[in-house]
Amino acid sequence: MDNIHFIVLLSAFVFLVIVVSMTAKNKLTDQYAFMWLTFSIIGVVLAIALPYLNDLATALGIAYMPSLIFLLAFLVVLSLLIYHTQLLSKQEHRIKLLIQEVAFLQKDIQDARKEDRNS
Amino acid sequence: MTSNILIIVPAYNEEQAIIGTVQQLQQFPEYDYVVINDGSTDRTKEILETNNIPHISLPVNLGIGGAVQTGYRYAERGHYDYAIQLDADGQHNPEDLHHLVAEMKRRDVDMLIGSRFLEKSNYKGSLTRRTGILYFNYLLRMISRVKITDPTSGYRIVNRNVIKWFANDYPVDYPEVEVIAKLARKGYKVEETKVEMNARQGGESSITPSKSLYYMAKVTFFSLIRSYT
């Protein structure tokens, strides 16, 4: 095993450990915890399979193997970003509804108090 | 609820103008009104409370779309037949309310917009504003085949069907033009009638020249995408 293979393997494992410990401490809710767990396991598998990736890259017609890694990583990060923006929009919509409901409730309470005072 | 018509008055930091606008509205007891205080940071909320003005105070600022939608949701809850949007800054003249309601009932349309430009009126907007209005006028003719001379006017009356729609779905920002495009594309009847508008009594326009390009691009994008889907 050469130096670089060792560093890659180590990083993948450290990442997996971080994800597992965050999940254990309930810092990630279930669906995200599972998503990151999947990603980190894929990372470890790829790190182990690093020497074979050269063959895969050649088979795909890619002369420089890291290009393949970067391309895949970029696509994954891009999909994650869109997914997160979508979640953010959903949250924003829910928060808006909640704010409106709170305002309606406040008005109902104020109106009820006024009626009490008048009666 | 004493009326079947609700006037929605969105207000964000309107401490200078709100009392004047509300006093004018009180001349028309035949209509209910509600001020939507959109998380103002000035004394707007205090003024509304001490003067016993019917209002809904949003705990945080939602922006014009969220504030106006709050009004439509309130109108839907109260089973109002018509809802009228009227700006708090004094630009919209309550003298036109009777005219809006009468024309709305006579023409039996889904949305009736108070226009400054249908006939010659005293309104003089900035060049940026007028260019934008011309552009939107063209955009709406392309997308929805409706001729709207004053598409950015926020002075408008809608019927129960549209109240229901807006209570569920209303754009977040710059909603005026986008909703016309959508309604017209979906077969709702949108027309205009002439109103007078005043210079604002206080506060600042939400549309600065630097924002107008973003405004135009955003409205074009969304009107196209959301009207055809």
### Message
Residue under question is B:ASP32, and the condition is that it be of a type in the set (D, E, K, R) and closer than 14 Å to A:ILE99 by Cα; does it hold?
### Response
no
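For the stretch B:37-67, how many residues are within 20 Å of A:ARG113 (Cβ to Cβ), in contact with a Phe, Trp or Tyr (Cβ under 9 Å, 6 or more places away or on another chain) and within 11 Å of chain A (Cβ to nearest Cβ)?
Result for the stretch B:37-67: 3.
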Kindly indicate whether B:LEU183 is of a type outside the set (Phe, Trp, Tyr), more than 29 Å from A:GLU101 (Cα to Cα), open to solvent by less than 10 Å² (accessible area, probe 1.4 Å) and part of a helix (DSSP H, G or I). no
Restricted to the stretch A:1-17 and to residues being part of a helix (DSSP H, G or I) and open to solvent by 80 Å² or more (accessible area, probe 1.4 Å), the residue nearest to A:SER40 (Cα to Cα) is A:PHE15
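The values are calculated or read from the model by the stated rules, or taken from the named source; none is laboratory data. None of the values given here were measured: they were computed from a predicted structure. So basically every Cβ, Gly included, is an ideal-geometry build from the backbone, and we count neighbours across all protein chains shown. Only protein heavy atoms, including side chains, enter the accessible area calculation; ligands, DNA and RNA are left aside. Shrake-Rupley method; radii C 1.70, N 1.55, O 1.52, S 1.80 Å.
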